[in-house]
Amino acid sequence: MPQDDLAALKARLQALEDRNAILDTLKRYGNSVDYGEVDRLVDCFTDDAVREIRRLDGTVNKWEGVAGTRDFATNHSHAPDKYHKHLVLNSLIELHGDTADVDSYMFRFDAGDDEKSFVWGMGRNLDKMRRDPDGRWRIMRRVTYIEDQWPGRSKPRTGHVAEGSSASQVKK
């Protein structure tokens, strides 16, 4: 095989491996938050990560660094006290060497109390990810846009930074 073809094949293989590793991180996040695996969830983010949740009513919650990620993970509901599933779908991944931009749909399904399960929320995650020196892909910046609004929805008890009339969606 000519060297140019071999180099192209290696690059294509690396891109496939990177995409798979990025999707693994996104799935690991959902499993970890749903079952209260705090250390595993913290490991999905870089040490300097910034995470925001923005709602249609303008409410913004923000967590920064390891302490903020741990605060978010520790205070989030999880099994067995509350069963829910965080799902990520339709992830569009743009690779840029050791960083990537990821745009995904997100859904959270909750178990009902003696009722059918229901969709708690839906929206979109805009992630900036990085391959760290250990080879693992982690989230450096996550902005979650909750794109539905209904009365009575719980909001995070921590990380509150702002309220306003609308939460704009700006592509990173």
For residues in region 43-72 being part of a loop (DSSP other than H, G, I, E, B) and among the acidic types (Asp, Glu), which is farthest from residue 33 (Cα to Cα)?
-> 57
So which residues in region 47-87 are crowded, with 19+ Cβ neighbours inside 10 Å and within 16 Å of residue 25 (Cα to Cα)?
-> 49, 51, 69, 73, 86
Which of the strands (runs of 3 or more DSSP E) contained wholly in region 95-172 include at least 3 residues that are at pLDDT 85 or above and on the phi < 0 side of the Ramachandran plot?
-> 99-110, 118-131, 137-146
Considering only region 38-76, state which residues are free of Cβ contacts under 8 Å to residues at least 24 places away in the same chain and touching a helix residue (DSSP H, G or I) at 6+ places or on another chain (Cβ under 9 Å).
-> 39, 40, 47
Only one of these conditions is not met by residue 88: (1) farther than 30 Å from residue 11 by Cβ; (2) in contact with a helix residue (DSSP H, G or I) (Cβ under 6 Å, 6 or more places away or on another chain). Which number is it?
-> (1)
Among the candidates 24, 43, residue that is closer than 30 Å to residue 81 by Cα and loosely packed, with under 15 Cβ neighbours inside 10 Å | 24
Name the residue, out of 74, 99, 25, 59, that is closer than 15 Å to residue 143 by Cβ and polar (S, T, N, Q).
-> 59
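The values are calculated or read from the model by the stated rules, or taken from the named source; none is laboratory data. All figures in this text were calculated on a predicted structure; none of them were measured in a lab. Heads up, the Cβs are rebuilt from the backbone with ideal geometry, glycines too, and the neighbour counts pull from every protein chain shown.
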